[in-house]
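Colleague: Please read through the structure below; I'll follow up with questions.
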Number of protein chains: 2
Amino acid sequence: MCRKDGGFLKENIFSESHKILFYETDRTKKTTIGMLVNILMLASQDQSIQLGLTEEKLNERGYGWVITQHVLKVERLPIFGENIKICTKADSYNRYFCYRDFWIEDEEGKIIVKMHSIFVLMDHKKRKIARLLPEFIEPYESEYTNKIERVADPKGDPKSRLVSEKNYRVRFMDIDSNQHVNNVHYFDWMIDGLTEEFLLTHTLAEMNIKYKREVHYGEMVNSETRMAENQLVTYHLIKAGEEESCYACCTWRSK
Amino acid sequence: MCRKDGGFLKENIFSESHKILFYETDRTKKTTIGMLVNILMLASQDQSIQLGLTEEKLNERGYGWVITQHVLKVERLPIFGENIKICTKADSYNRYFCYRDFWIEDEEGKIIVKMHSIFVLMDHKKRKIARLLPEFIEPYESEYTNKIERVADPKGDPKSRLVSEKNYRVRFMDIDSNQHVNNVHYFDWMIDGLTEEFLLTHTLAEMNIKYKREVHYGEMVNSETRMAENQLVTYHLIKAGEEESCYACCTWRSK
């Protein structure tokens with residue numbers, strides 16, 4: 001059963017099993033960061049399907065969920081062939097923001113990955129953030145709060161050293177059935193800024209990623225990678241033209 | 001139960017269930033071709049694991065399986081959320097080649113995808129194809145034949161029209177836990193040569209892909225796409241420098 005940090009089993013925790021497939025891993029046999037986030041998102045997607053609140057249903061009403069931030073904490077990455085349990089809980093919400101927790105338990109029930117995410121509801125017609133509608137939020141049984149969480153902003157440090165700048169084109173197959181560029185690509189564009197040597201000698205401990213503007217089919221994106229003086233913090237910025245699309249800060253552990 | 005084209009259930013058929021995940025699909029909600037091949041390969045990988053003949057075990061002995069050709073026939077592509085059964089059967093082998101069938105059944109037991117693949121055993125030390133070793137082949141219970149199959153060569157037609165030429169770099173995360181560039185990337189490099197309009201109005205019927213030489217981390221590859229006069233056959237060539245890495249021929253259906 002899914003327990004949140006050793007707490008009580010809560011009614012509104014949704015969980016499912018998943019076995020790590022070879023195409024979710026890289027040559028270290030661990031999941032790539034983008035695939036890890038995809039795997040975590042399976043739980044919220046399947047919870048929504050179970051509650052009858054599919055993305056399609058929201059779209060028909062003129063709305064859609066948009067993620068504005070993920071804060072990922074990695075004790076260790078799941079490895080090829082491992083059986084994991086993916087858990088999620090819609091934690092709380094205020095007028096505009098939903099806060100959701102995700103976590104992964106290994107076969108011993110140990111939490112190896114946590115993610116805290118912020119969702120907003122987009123009004124597709126008005127093309128702006130909508131006030132949360134009770135019918136889209138109540139079935140998840142999360143708590144209303146009038147507080148707005150203060151989640152750290154992963155803005156880059158201007159004193160950091162520029163490591164690389166690379167360009168990518170958003171391709172047809174980069175957009176998944178949710179009609180958005182799949183997470184894998186944002187994370188791959190960021191992680192690809194680091195060298196093979198760095199990636200073989202470090203493992204991700206934390207990642208804070210903030211989404212500002214979606215990128216679309218055919219757009220060229222630029223990925224800028226910077227590194228802090230201590231060599232264990234990296235800053236990543238994805239731009240489409242002059243517009244910031246998303247940015248992230250990663251903290252790494254030496255292997 | 002898995003039946004091959006309505007035939008008898010054979011002892012050496014291995015099958016497993018799989019649910020199509022959002023990150024295995026594109027915006028048409030269908031699996032991408034690369035992910036489809038990954039999904040099919042799950043069955044042969046899991047059969048090998050079940051028989052104790054893991055890739056690791058082969059590597060320890062100085063060997064590894066290498067795929068030289070896939071012939072894919074698609075009745076329809078699996079869609080997001082669909083529950084499918086992936087089946088495989090090691091069909092026959094001769095001194096150097098193994099012939100394996102894969103297929104996917106939908107929930108009604110209808111075969112929607114078939115793939116016929118050729119595997120060879122690579123001697124890592126000698127860096128050449130090895131004679132098949134009985135201990136690596138007998139557990140699959142396939143039949144010995146002294147015939148070499150004549151599988152069509154998907155070579156391009158020089159009279160076809162050049163559609164595009166694009167370059168890609170092999171990135172760190174493109175190599176999966178099998179230590180090879182994951183299928184998704186070869187197929188994405190090929191399919192990305194076609195336009196959005198073509199991909200939205202056509203669906204793959206057949207694909208014949210032949211692998212000549214593996215590409216490695218850091219290499220730049222060039223993907224050339226050509227189209228036959230009838231607009232329903234495309235030819236794809238991946239080169240690393242002047243060397244041919246793989247080539248394919250796709251037959252499409254208008255939607």
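The values are calculated or read from the model by the stated rules, or taken from the named source; none is laboratory data. All of these numbers come straight from a predicted model, not from anything done at the bench. Every residue, glycine among them, receives a Cβ derived from its backbone with ideal geometry; neighbour counts consider all protein chains shown. For the accessible areas, the whole protein counts, side chains as well, though only heavy atoms, and no ligand, DNA or RNA atoms are used. Shrake-Rupley method; radii C 1.70, N 1.55, O 1.52, S 1.80 Å.
Colleague: How much accessible area per residue does the protein assembly as shown have, in Å², with a 1.4 Å probe?
Modeller: Result: 47 Å² of accessible area for each residue.
Colleague: Picking from B:THR251, A:PRO158, A:ILE49, whose Cα lies most toward the positive end of the charge dipole for the protein assembly as shown (charges on Cβ: Lys, Arg +1; Asp, Glu -1)?
Modeller: Of B:THR251, A:PRO158, A:ILE49, it is A:PRO158.
Colleague: Then there is this: Restricting to DSSP loop positions (anything but H, G, I, E, B) with no more than 15 other Cβ atoms inside 10 Å of their own Cβ, which trypsin sites (Lys or Arg not before Pro) remain in the range B:174-228?
Modeller: B:LYS212, B:ARG213
Colleague: Report the accessible area of B:PHE136, computed with a 1.4 Å probe over the heavy atoms of all protein chains in place, in Å² rounded to the nearest 10.
Modeller: Accessible area of B:PHE136: about 10 Å².
Colleague: Once you charge only the Cβ atoms, +1 for Lys and Arg and -1 for Asp and Glu, what is the size of the charge dipole of the range B:133-216 about its Cα centre, to the nearest 20 debye?
Modeller: With Lys and Arg at +1 and Asp and Glu at -1, about 540 debye.
Colleague: Just the accessible area for A:VAL215, please: 1.4 Å probe, Å², rounded to the nearest 10?
Modeller: Surface open to solvent at A:VAL215 totals about 0 Å².
Colleague: Turning to a different aspect of this structure: Anything losing 10 Å² or more of accessible area from the isolated chain to the full protein assembly: pick those residues out of the range B:146-187, probe 1.4 Å, ligands and DNA/RNA ignored.
Modeller: B:LYS166, B:TYR168, B:ARG169, B:ARG171, B:PHE172, B:MET173, B:ILE175, B:ASP176, B:SER177, B:ASN178, B:GLN179, B:ASN182
Colleague: Something else: Could you run the Karplus curve 6.51 cos²θ - 1.76 cosθ + 1.60 with θ = phi - 60° over the range A:244-255 and give me ³J(HN,Hα) per residue in whole Hz, x for Gly and Pro?
Modeller: Values per residue, Gly and Pro as x: 6, 9, 7, 9, 8, 10, 10, 10, 10, 10, 6, 7 Hz.
Colleague: Sticking with this structure for a sec: Taking N as the number of residues in the range B:161-254, what is its Cα Rg relative to 2.2 N^0.38 Å? Don't skip to the answer; put the middle values down first.
Modeller: Details: Rg = 13.3 Å, N = 94, 2.2 N^0.38 = 12.4 Å.
Here the Cα radius of gyration is 1.07 times the empirical estimate.
Colleague: Per the Debye formula with a single identical scatterer at each Cα and no solvent contribution, what log10 I(q)/I(0) holds for the protein assembly as shown at q = 0.11 Å⁻¹?
Modeller: Relative scattering, expressed as log10 I(q)/I(0), comes to -1.03.
Colleague: Right, another one. Among A:ILE209, A:THR28, A:ILE175, which residue has its Cα positioned farthest towards the positive end of the charge dipole of chain A, with +1 placed on the Cβ of Lys and Arg, -1 on the Cβ of Asp and Glu, and the dipole taken about the Cα centre?
Modeller: Going by the Cα projections, it comes out as A:ILE209.
Colleague: Counting other C-beta atoms within 10 Å, and keeping those with at most 13, which DSSP coil GluC sites (Glu not before Pro) do you find in the range A:148-199?
Modeller: A:GLU149
Colleague: Next up: For the range A:155-220, what % of the accessible area comes from carbon and sulfur atoms, probe 1.4 Å?
Modeller: In the range A:155-220, the share of accessible area belonging to carbon and sulfur is 51 percent.
Colleague: Under a Cβ-only charge scheme (Lys and Arg +1, Asp and Glu -1), can you give me the dipole magnitude of the protein assembly as shown about the Cα centre, in debye to the nearest 20? Numbers along the way, then the final one.
Modeller: On the way: 74 positive and 80 negative charges, 124 e Å.
In debye, rounded to 20, the protein assembly as shown gives about 600.
Colleague: Now for a separate question. Mind checking how much accessible area A and B bury in total, 1.4 Å probe, in Å² rounded to 100?
Modeller: On the way: alone 13990 and 14000 Å², together 24190 Å².
Approximately 3800 Å² gets buried when A meets B.
Colleague: When the helix-only estimate is applied to chain A (DSSP H runs of n ≥ 4, each -39,500 (n - 2.57), divided by the residue count), what is the mean residue ellipticity at 222 nm, nearest 500 deg cm²/dmol?
Modeller: Using -39500 (n - 2.57) per qualifying helix, the result is -4500 deg cm²/dmol.
Colleague: How many times 2.2 N^0.38 Å is the alpha carbon radius of gyration of chain A?
Modeller: This ratio for chain A stands at 1.00.
Colleague: Need one number: nm distance between label points at A:SER160 and A:THR54, each 7 Å from Cα along Cα→Cβ, rounded to one decimal.
Modeller: 4.0 nm
Colleague: Going by a ≥ b ≥ c, the root eigenvalues of the Cα gyration tensor, does the range A:71-115 fall in the rounded group (a/c under 1.5), the prolate group (a/b larger than b/c) or the oblate group?
Modeller: prolate
Colleague: Considering only DSSP states other than H, G, I, E and B, which trypsin sites (Lys or Arg not before Pro) in the range B:143-186 qualify as loop sites with at most 10 other Cβ atoms within 10 Å?
Modeller: B:LYS147, B:ARG150, B:LYS159
Colleague: Taking a probe of 1.4 angstrom, what is the accessible area of B:LEU232 in Å², to the nearest 10?
Modeller: 60 Å²
Colleague: Counting just the Cα atoms, what span does the range B:79-166 cover along each of its three principal axes? Round to the nearest Å and put the largest first.
Modeller: Here the Cα extents, ordered largest to smallest, are 42, 39, 26 Å.
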